[in-house]
Amino acid sequence: MAPYGPGAPPPGGPGAPYPGGPGAPYPPGRPVRIPWIARTRAELRAALANAPHPIGFVPTMGALHAGHASLIARARAENPAVVISIFVNPTQFNERADFDKYPRTEAADLALAGAIGADVAFIPSVEEIYPAGFQTSVHVGGLTEPLEGAARPGHFDGVTTGVAILLGLVRADRAYFGQKDAQQLLVVRRMALDLGIGTEIVGCPIVREPDGLALSSRNTLLTPEQRAAAPVLRRALLAARGLWEGGERNGESLRAAMLGTLLKEPLATVDYVSCADPSTLQELTAISGPALLSMAVRFGSVRLIDNEPLA
Ligand code: PAF
């Protein structure tokens, strides 16, 4: 069955009344397993014209996996209308090559999102999000400086600018983000608060492979050897967690435990390990409350991140 799209008016049309209830197709007559595709701002407005509230929104860059599926399922369970976006946001990539090689799997993404119950998929072009003459940038201060911000200059400005545009267009009541990108979650939450964006930012747990590797669209770029080595991130986090559970409260000892585990894996190149305050992301020496363990590690040209909250 052909998905909705330009030139294929959705059954029921944008003006059709919504029958209501989680899982009900929006608009009426939409094949339940295929989201209504909007590729332009105008098509998105039409798709949302009669959508019931609360609207749940899951912004993604596509290449959907079980981690995204868990976000969509949570949005589905909590809202009568669910919107996802698939947009590989060029402004948050530091290297053009990384942007170019980012996996693009639109047909599979739509099948997965539709099966879980996404009603609308917003799939804009770069020009639709950043039209000619675009001059605006959203910058969040201190929280973006350490960790990913230090390793990837400008990355968070790209994220916050892109997410601010998406939140402004979708005007969702709730937006769902994975805890795997813990710093991104904090930064987006800060931005939404500071700018008075009326969307609740909901953080959702990390989903892992059975061997502990956190799900990420980048995992598909690993060679079989790198994939076999990648669970070392989880082992490093668990080594530090084990010390903490045994009463260790020195941040440097936990960082050393993570680094020691990672250095045993010859395919891994460590970008950083961190044991930080989970609300400011400042490195901790003495741990007197909750803490966030995090790391970024490269396998060849593929960079993976992971984290573990201690509370
Ligand atoms: O986490 C991501 O996939 C992206 O950073 C996001 C939130 C979709 C913004 O482009």
Confirm whether Leu222 is under 19 Å from Pro103 (Cα atoms) and either under 16 Å from the mean Cα position of the chain (by Cα) or buried (at least 19 other Cβ atoms within 10 Å of the Cβ) (or both). yes
Within the stretch 71-94, can you find the residues that are surrounded by 16 or more Cβ atoms within 10 Å (Cβ to Cβ), within 16 Å of the ligand (Cβ to nearest atom), of a type in the set (S, T, N, Q) and part of a loop (DSSP other than H, G, I, E, B)? Asn89
Qualifying residues in the stretch 271-307 (those that are touching a residue at least 40 places away in the same chain (Cβ under 8 Å) and among the acidic types (Asp, Glu)) - the one farthest from Asn219 (Cα to Cα): Glu283
Which of the residues belonging to the stretch 95-119 are outside any helix (DSSP H, G or I) and touching a Pro at 6+ places or on another chain (Cβ under 7 Å)? Ala118, Asp119
Consider Gly149 against the criteria (1) within 12 Å of the ligand (Cβ to nearest atom); (2) touching a His at 6+ places or on another chain (Cβ under 8 Å): it satisfies all of them except one. Which criterion is unmet? (1)
Can you name the residue in the stretch 164-184 that is more than 9 Å from the ligand (Cβ to nearest atom), closer than 24 Å to Pro146 by Cα and in contact with a helix residue (DSSP H, G or I) (Cβ under 9 Å, 6 or more places away or on another chain) and is also most open to solvent (accessible area, probe 1.4 Å) among such residues? Gln179
Can you tell me which residue is nearest to Leu233 (Cα to Cα) among those in the stretch 261-270 that are in a helix (DSSP H, G or I) and in contact (Cβ under 8 Å) with a residue 24 or more places away in the chain? Leu262
Please go through the stretch 103-147 and pick out each residue that is over 30 Å from Tyr272 (Cβ atoms) and without any contact (Cβ under 8 Å) to a residue 12 or more places away in the chain. Ala107, Glu127, Pro131, Ala132, Gly133, Phe134, Gln135
What residue, among those in the stretch 227-272 that are of a type in the set (Lys, Arg) and out of contact with any helix residue (DSSP H, G or I) (no Cβ under 6 Å at 6 or more places or on another chain), is least open to solvent (accessible area, probe 1.4 Å)? Arg255
Hey, among the residues in the stretch 120-136 that are of a type in the set (A, V, I, L, M) and either in a helix (DSSP H, G or I) or in contact with an Asp or Glu (Cβ under 9 Å, 6 or more places away or on another chain) (or both), which one's most open to solvent (accessible area, probe 1.4 Å)? Val126
On the given criteria, is Val140 under 24 Å from Ile34 (Cα atoms) and within 16 Å of the ligand (Cβ to nearest atom)? no
Are any of the residues in the stretch 102-119 more than 18 Å from Leu64 (Cα to Cα), open to solvent by 20 Å² or more (accessible area, probe 1.4 Å) and either more than 16 Å from the ligand (Cβ to nearest atom) or in contact with a His (Cβ under 6 Å, 6 or more places away or on another chain) (or both)? no
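The values are calculated or read from the model by the stated rules, or taken from the named source; none is laboratory data. A quick note: this is a predicted structure, and the numbers were derived from the prediction, not measured. Counting neighbours? That spans all protein chains shown, and the Cβs are built from the backbone with ideal geometry, glycine included. The area values use the complete protein model at the heavy-atom level, side chains included, leaving out ligands, DNA and RNA. Shrake-Rupley method; radii C 1.70, N 1.55, O 1.52, S 1.80 Å.
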